[in-house]
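Worksheet: the structure to be examined is printed underneath.
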Amino acid sequence: MDKVDIIIVGAGVVGLAITAKLAQQFNNVLVIDKNSSFGEETSSRNSEVIHAGIYYPKNSLKAKLCVQGKAMLYQYCQERQIPVNKIGKLLVAHGKNEEDFLKKTLISAKNNGVDDLIWLNQQALKELEPELLASAALLSPSTGIIDSHAYMQSLLAQAEQYNALFVAQTKMQSASPTDDGFEVSLDSQGEQLSIKCKYLINCAGLHSESVAHTIQGLNKSHIPKLHWCRGHYFSYQGKSPFKQLIYPIPRDNGLGIHASLDMGGQLKFGPDTQYIDQLNYDFPSKLKEKFLSQVSQYFPNIDASKLQPAYAGIRPKLQGKEDSFKDFVIQTSETHQLEGLINLFGIDSPGLTSSLAIANYVADKLKVN
Ligand SMILES: Cc1cc2nc3c(=O)[nH]c(=O)nc-3n(C[C@H](O)[C@H](O)[C@H](O)COP(=O)(O)OP(=O)(O)OC[C@H]3O[C@@H](n4cnc5c(N)ncnc54)[C@H](O)[C@@H]3O)c2cc1C
């Protein structure tokens, strides 16, 4: 039987960032994914926005890791020539109630260390974004967009440079504790393997709950229930009417159907929120009306014929439909008493933005920073 220092389950953006970090400290780091390549699930089905960190409650992991991760990510992209653009975002309000929300957001952003938000009145908005309908907005200059595939490729290259190994089409089936770590059972393209490791890191995204249930000795009371929440995107054909990202006030357990641009200049609207019981990327046929009704509140001249169904992504949420805010959960032996095991649960947005800071956090828990 082979033995490695660390097995990382899941080569999404978070698993890759952790691998790239830990490979600098450990000799034998193995990252596996059940799919045929890296980042084929949530990490390639999102808005590709680098969030500023303005909404999350003070001192939450989401607030801290997003703000740290944003700074780290911009620097990483600059050093490695990864396509990125600090394009800015407008959080738009309609009427007094929503403007009150903007005022509260100014305070929560400041609490999180984001003190560069700029209040824009209707007149200023008309000059900046003539197609936008809003009574006021907050401009977040540090919000940006990134080519997330190029970012993941770079993380993998960095990990491999430090001799980490990525093995695709390899699924963790179970693990059991040993004297100094774990024995992990894998299915690699039909071949059954057993590998020992000192540290086991579960960053299996949508499957982190089911992976945790296969770890013997892990008390089930430490495994939270994950809710799957699908979000759909429509692309908008032709030239974008907006120069920056446009976000309505957050609603329905999400950030609202926003307008975002990718690095190629393609405008898309989304995601909405739909809690689902079965994992699939279906696109319900009635969605277009819902999108038109919500987007036209800030973009009244929207042309319905230019809206085309694009893709969907699924959030691994700890927050159920009726729940309030739920933070990232990064669980170590301090919680579950299984030495060497780290479980990451509920890494929904802003997981992409936070990825490098999450990696540092995990490394710190292994005391190898
Ligand atoms: C609609 C949507 C929009 C979003 N927008 C943004 C945004 O703009 N900005 C932002 O910061 N964040 C955003 N996010 C959040 C961000 O995409 C996620 O936080 C991030 O991608 C999570 O990465 P991950 O590596 O944890 O999970 P994943 O990318 O899901 O990776 C987990 C991997 O684990 C693998 N796996 C699972 N089980 C096993 C097993 N048993 N054995 C081996 N491998 C296994 C899977 O195949 C998968 O590749 C968005 C998310 C969604 C859904």
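Observations, loosely collected:
- Cβ pairs under 7 Å, 6+ apart, first in region 303-325 and in contact (Cβ under 8 Å) with a residue 40 or more places away in the chain, second more than 16 Å from the ligand (Cβ to nearest atom): 306/236; 306/237; 306/238; 307/236; 307/288; 308/237; 325/57
One line per residue, one yes/no per condition, for (1) within 16 Å of the ligand (Cβ to nearest atom); (2) under 22 Å from the mean Cα position of the chain (by Cα); (3) within 28 Å of residue 302 (Cα to Cα):
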site	(1), (2), (3)
105	no, yes, yes
113	no, yes, no
116	no, no, no
122	no, no, yes
128	no, no, yes
131	no, no, yes
152	yes, yes, no
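- Residue in region 86-100 that is open to solvent by 90 Å² or more (accessible area, probe 1.4 Å) and over 24 Å from the mean Cα position of the chain (by Cα) present: yes
- Residues satisfying the stated conditions in region 150-199, i.e. closer than 17 Å to residue 2 by Cβ and aliphatic (A, V, I, L, M): 164, 165, 167, 172, 175, 184, 186, 193, 195
- Single residue of region 155-191 satisfying the filter (part of a loop (DSSP other than H, G, I, E, B) and farther than 18 Å from residue 40 by Cβ) that is farthest from the ligand (Cβ to nearest atom): 179
- Annotation: residue 228 fulfils all but one of (1) of a type outside the set (Val, Ile, Thr); (2) touching a Pro at 6+ places or on another chain (Cβ under 8 Å); (3) within 30 Å of residue 28 (Cα to Cα); (4) open to solvent by 10 Å² or more (accessible area, probe 1.4 Å); the unmet one is (3).
- Residue check, residue 247 among the hydroxyl-bearing types (Ser, Thr, Tyr), crowded, with 18+ Cβ neighbours inside 10 Å, within 14 Å of the ligand (Cβ to nearest atom) and over 25 Å from residue 324 (Cβ atoms): no
- On the stretch given as region 329-347, residues that are open to solvent by less than 20 Å² (accessible area, probe 1.4 Å) and closer than 27 Å to residue 282 by Cβ total 3.
- Region 30-49 - residue that is near the ligand (Cβ under 6 Å from one of its atoms) and of a type in the set (S, T, N, Q) and, of those, surrounded by the fewest Cβ atoms within 10 Å (Cβ to Cβ): 35
- The condition (being touching a helix residue (DSSP H, G or I) at 6+ places or on another chain (Cβ under 9 Å), open to solvent by less than 10 Å² (accessible area, probe 1.4 Å), assigned to a loop (DSSP other than H, G, I, E, B) and more than 10 Å from the ligand (Cβ to nearest atom)) is satisfied by just one residue among 52, 20: 52.
- Search result, residues across region 212-242 that are among the β-branched types (Val, Ile, Thr) and either in contact with a strand residue (DSSP E or B) (Cβ under 6 Å, 6 or more places away or on another chain) or assigned to a strand (DSSP E or B) (or both): 214, 215
- Among the numbered conditions (1) within 7 Å of the ligand (Cβ to nearest atom); (2) at pLDDT below 95, the only one that residue 27 does not meet is (1).
- Counting only residues that are of a type in the set (D, E, K, R), in contact with a strand residue (DSSP E or B) (Cβ under 8 Å, 6 or more places away or on another chain) and open to solvent by 40 Å² or more (accessible area, probe 1.4 Å), region 264-302 holds 3 of them.
- Close pairs (7 angstrom Cβ cut-off, 6 or more residues apart or separate chains): under 20 Å from residue 133 (Cβ atoms) in region 269-298, within 15 Å of the ligand (Cβ to nearest atom) and assigned to a helix (DSSP H, G or I) anywhere: 269/291
- When every residue of region 205-224 is checked against the conditions, at least one turns out to be within 11 Å of the ligand (Cβ to nearest atom), in contact (Cβ under 8 Å) with a residue 60 or more places away in the chain and in contact with a helix residue (DSSP H, G or I) (Cβ under 7 Å, 6 or more places away or on another chain).
- The lone exception for residue 81 - which of (1) under 19 Å from the mean Cα position of the chain (by Cα); (2) of a type in the set (S, T, N, Q); (3) assigned to a loop (DSSP other than H, G, I, E, B) it fails: (1)
- On the stretch given as region 130-153, residues that are out of contact with any Asp or Glu (no Cβ under 8 Å at 6 or more places or on another chain) and more than 30 Å from residue 68 (Cα to Cα) total 5.
The values are calculated or read from the model by the stated rules, or taken from the named source; none is laboratory data. Fair warning: this is a prediction, and the values are worked out from it, not measured in the lab. So basically every Cβ, Gly included, is an ideal-geometry build from the backbone, and we count neighbours across all protein chains shown. These area figures cover heavy atoms from the full protein model, side chains too; ligands, DNA and RNA do not enter into them. Shrake-Rupley method; radii C 1.70, N 1.55, O 1.52, S 1.80 Å.
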